[in-house]
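To start, the structure under review is shown below, and the notes come after it.
The values are calculated or read from the model by the stated rules, or taken from the named source; none is laboratory data. Note that the coordinates shown come from a computational prediction; the quantities given were computed from them, not determined experimentally. Glycine also receives a Cβ, built like all others from the backbone with ideal geometry; neighbour counts cover every protein chain displayed. For accessibility, only protein heavy atoms count, side chains too; no ligands or nucleic acids. Shrake-Rupley method; radii C 1.70, N 1.55, O 1.52, S 1.80 Å.
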Amino acid sequence: VPAALWTGLLCVCSSFACAIAPSLTFFLVARFFLGVASAAVLACNWLLTCEIVGSKEAAGAMRTMSIFFALGPAVLVAYSMILQNWRSLIWMHTFLLALTLLPLAYMRSRGLE
């Protein structure tokens, strides 16, 4: 849980930096860190899922998790038609990332690792 929480916090900070980027160079550097942190979050989440469900159910859990990575771009297209501003999309991304960290932060505060 600590690794998922810390990499998630790096995602939120990087996404926030993308949203407030004053220049293209700053945006690209922040986006690079967001990509690295997102890959780390993905690895942590898959590992935590495998530990929770066990070896017999791991394949099904991985398939279910992969569905969300396929649906994400489709949902983003729908939101981009509504918001029509790239900064608004990044602010939404930052908010949703922060929201997903709340359960991990709660578990960490209660010592449930």
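The single condition among (1) assigned to a helix (DSSP H, G or I); (2) without any contact (Cβ under 8 Å) to a residue 60 or more places away in the chain; (3) surrounded by 15 or more Cβ atoms within 10 Å (Cβ to Cβ) that S88 does not meet is (3). Give the residue, chosen from S80, S109, that is of a type outside the set (A, V, I, L, M, F, W, C) and at pLDDT below 85. That would be S109, the only listed residue that is of a type outside the set (A, V, I, L, M, F, W, C) and at pLDDT below 85.
Residues in the range 14-28 that are surrounded by fewer than 16 Cβ atoms within 10 Å (Cβ to Cβ) and not aromatic (F, W, Y): 6 in all.
Scanning the range 35-56 for residues that are among the hydrophobic types (A, V, I, L, M, F, W, C), more than 13 Å from the chain's Cα centre (by Cα), closer than 20 Å to S15 by Cα and at pLDDT 90 or above turns up nothing. With the structure loaded, tell me whether A78 is part of a helix (DSSP H, G or I) and either under 24 Å from A3 (Cα atoms) or open to solvent by 70 Å² or more (accessible area, probe 1.4 Å) (or both) or whether it fails that test. The answer is no for A78. Taking the conditions exactly as written (aliphatic (A, V, I, L, M), exposed (fewer than 11 other Cβ atoms within 10 Å of the Cβ), in a helix (DSSP H, G or I) and at pLDDT 85 or above), does L102 satisfy them or not? It is true that L102 is aliphatic (A, V, I, L, M), exposed (fewer than 11 other Cβ atoms within 10 Å of the Cβ), in a helix (DSSP H, G or I) and at pLDDT 85 or above. Among the residues of the range 91-113, those that are more than 19 Å from A19 (Cα to Cα) and without any contact (Cβ under 8 Å) to a residue 12 or more places away in the chain comprise L102, P103, Y106, S109, R110, G111. From the list R108, R31, R63, the lone residue that is in a helix (DSSP H, G or I), surrounded by fewer than 13 Cβ atoms within 10 Å (Cβ to Cβ) and among the charged types (D, E, K, R) is R63.
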